[in-house]
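The values are calculated or read from the model by the stated rules, or taken from the named source; none is laboratory data. All of these numbers come straight from a predicted model, not from anything done at the bench. Cβ placement follows ideal geometry from the backbone for every residue including glycine, while neighbour counts extend to all protein chains displayed. Only protein heavy atoms, including side chains, enter the accessible area calculation; ligands, DNA and RNA are left aside. Shrake-Rupley method; radii C 1.70, N 1.55, O 1.52, S 1.80 Å.
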Amino acid sequence: MFPLHRGRRLRVNESIRSLVRETSLSPADFMFPMFIAEGENVKVEIPSMPGIFRRSIDLTVEEVKELFALGIRAVNIYVKVNDNLKDNTGKEAWNPNGLMQQAIKAIKKACPEMIVMPDVALDPYSIYGHDGIIENGDIANDATNDALVKMAVSHAQAGADFVAPSDMMDGRVLRLREGLDAAGFQNVGIMSYSAKYASAFYGPFRDALDSAPKEADIEVPKDKKTYQMDYANRIEAVKEALMDVEEGADMVMVKPGIAYLDIVREVKNAVNVPVTVFHVSGEYAMIKAAAERGWLDNDKIMMEQLMCIKRAGASLISTYFAKEAAILLNK
């Protein structure tokens, strides 16, 4: 009770504030999403994501070494697949000599201690831009799960530490766990995108991979709302996370991040596994756009948002700011 208790005593200067600070950040809290392209010596900036590039494998490896030196210990990798390799089955996704498989091998050879978590979903490989196989105008859940198992096993064979299913098919975590175990990969983990919302914040990401739903000569869903979650729902996110844990997920994810911190806390309170939060491309792009116009301070907003995500309950933050933030923290 005032005046016996004065909260400002604990805010007098930075030394006191640091002593009582409840949440802290380090580079080890971050995972860096990386986009990989065919070719050699390729580095193409994504227009809607300043400072983020599609790189060929050789340049990706060099970037991974830099990230590791900064203290970042995990990368989440995605590939930009050539159009001539896309079809409705997604079969290029489990090609042992595919771009993703080559990238995993190269990263693990160059930096064995970097944790590699490749994306598991069919949208980069689909002619329709969907996360699953189209049958009778809809996403065929169980047929897609069969394909995802082949994809995940191929990633494990290439050396992945975790697989990261982002597809939101029902039952896919159980199928992946069974498939990995049957193939002898009991120690390959699953980081499941458990509460992945049908969000407009993904726009720049889909530019990076050309993975947005496309018009077609057959009936296909116009968006991803039949499998990604309705952003009006909260309880459903907890249910999805608990189901994934029961099916064998080692980590669960909430995506997007900063606009969904209520969901992060709900999921954190409900599960007994680490919670990853994806600070997504649209959230990154908004800060960059405002900072370019002088409306916001890039570094201050970046660090505030990352701290808020950690405070909400994130054990790991997948963010395009990972390298920038790590450089600042190391200073």
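Some points to look at:
- The string of couplings for the range 306-323 from the Karplus curve (6.51, -1.76, 1.60, θ = phi - 60°) is 5, 5, 5, 5, 5, 4, 5, x, 6, 8, 8, 10, 8, 8, 6, 8, 3, 5 Hz, one whole number per residue in order, with x for Gly and Pro.
- Hull-based mean projected area of the range 1-152, where the convex hull spans the alpha carbons, in square nanometres: 15.0 nm²
- Label-to-label distance, Ile218 versus Lys331, with points set 7 angstrom from Cα along the beta-carbon direction: 5.3 nm.
- Computed over protein heavy atoms with a 1.4 Å probe, the accessible surface of the range 1-87 works out to 58 Å² per residue.
- Exposed GluC sites (Glu not before Pro) absent: longest stretch of the chain, with sites in DSSP loops and at most 16 other Cβ within 10 Å deemed exposed: 220-331
- Where a label projected 7 Å from the Cα of Ala183 along Cα→Cβ would reach, residues of the range 132-149 with amide N under 16 Å: 144-149
- Carbon-plus-sulfur accessible fraction, the range 26-330 (probe radius 1.4 Å, protein heavy atoms only): 51%.
- Computed from the C-beta positions of Met1 and Arg21, the FRET efficiency with R₀ = 25 Å rounds to 0.50.
- Evaluated on the chain, the Kirkwood hydrodynamic radius is 20.5 Å, with distances taken between all distinct Cα atoms.
- Toward the positive end of the charge dipole of the chain, with +1 on the Cβ of Lys and Arg and -1 on the Cβ of Asp and Glu, the farthest Cα among Val42, Leu306, Leu59 is that of Leu306.
- Simple point charges give the picture: +1 on the Cβ of Lys and Arg, -1 on the Cβ of Asp and Glu, and for the range 26-330 a dipole about the Cα centre of about 720 debye.
- Helix 235-247 axis, angle to the chain major axis (alpha carbon atoms, nearest 10°): 60 degrees
- Spin-label model, Arg293/Asp87: points 7 Å from Cα along the beta carbon direction are separated by 4.6 nm.
- Here's how it looks for Ile190: its modeled amide H is under 5 Å from those of Val163, Asp250, Met251, which are all 5 or more places away or on a different chain.
- Calculated P(r) of the range 159-312 - Cα pairs past 18 Å, %: 63 percent
- When the Gaussian network model of the chain links Cα atoms closer than 10 Å, the mean-square fluctuations of Ala285, Ala270, Ala152 top out at Ala270.
- Here the sum of -39500 (n - 2.57) over DSSP H runs of 4 or more residues, divided by the residues of the chain, equals -12000 deg cm²/dmol at 222 nm, to the nearest 500.
- Candidate lysines - alpha carbon under 19 Å from Lys288, same-chain residues fewer than 8 apart omitted: Lys300, Lys323
- Lysines with Cα under 18 Å of Lys109, excluding same-chain neighbours fewer than 8 positions away: Lys65
- Those lysines that a straight Cα-Cα span of less than 23 Å connects to Lys86, excepting residues fewer than 8 apart in one chain: Lys43, Lys105, Lys150, Lys214, Lys222, Lys224, Lys225
- 3J(HN,Hα) couplings calculated from phi for the range 180-187 with the Karplus curve 6.51 cos²θ - 1.76 cosθ + 1.60 (θ = phi - 60°) are, in sequence order, 5, 5, 5, 8, x, 10, 5, 8 Hz; Gly and Pro show x.
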